[in-house]
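Novice: Take a look at the following structure, please.
Just so it is clear, none of the values below were taken in a lab; they were calculated from the coordinates. Remember, it's a predicted structure, so these values are computed and weren't measured experimentally. Neighbour counts run over all protein chains shown; Cβ positions are idealised from the backbone, glycine included.
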Amino acid sequence: MTALGFAIFPALLFGSICLVVAIWTQLADGIVAPALGPDGAIADPGAWFRIFQYGATFGAFGLIIVYFTVALSGFKSHPGEHRGGMTVAALLGTVATGAAIYGTLYKAPPIWGLNHVWWTMLVWIALGSALTLFLSLRGAFGQATTAQSNG
């Protein structure tokens with residue numbers, strides 16, 4: 001951390017990854033394969049559209065997964081909350097986000113690699129889970145926050 005409280009390493013890592021993706025997209029005429037029209041000819045607006053379309057689908061799918069886990073947490077007991085209301089909210093949220101997940105994955109078109117978003121997300125979740133496990137084994141989550149130590 002710097003004097004301004006800014007984590008330089010994560011910012012440089014993220015910026016470097018974005019730079020690699022930009023250069024790769026430009027030099028390789030896109031990272032994601034172009035779409036083909038009914039006659040077999042390439043019918044697509046360009047390399048940048050494909051990578052942005054894939055990124056938008058990946059990001060939206062990631063948000064749906066987050067909302068799904070939040071909805072599932074409603075089934076857990078929360079002190080001070082009405083149990084019946086929480087169960088109804090959890091059930092509605094789980095069904096709605098489950099339907100969104102199904103809609104994202106079911107018959108995803110092969111254009112722009114959209115039919116690969118689900119396994120890319122699985123790899124992303126596995127990497128995040130492995131990092132979380134590694135950090136918890138190192139004791140990185142052992143520090144109490146101010147609210148936890150005061151309350």
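Novice: Arranged from highest to lowest average of other beta-carbon atoms within 10 Å per residue, in what order do the peptides 64-76, 120-132 appear?
Specialist: Top to bottom by mean Cβ count within 10 Å: 64-76, 120-132.
Novice: Modelled label-to-label distance, VAL123 and ALA96, 7 Å Cα→beta-carbon offset: nm?
Specialist: So the two model labels end up 3.2 nm from each other.
Novice: Can you tell me how much longer the chain between THR69 and ALA7 gets when fully stretched, taken as 0.36 nm per residue apart minus their C-alpha distance, in nm with one decimal?
Specialist: Details: separation 62, 0.36 × 62 = 22.32 nm, distance 2.79 nm.
Difference between extended and current length: 19.5 nm.
Novice: So between LEU27 and LEU105, what do we pick up on full extension, going 0.36 nm a residue minus the alpha carbon distance?
Specialist: 25.1 nm
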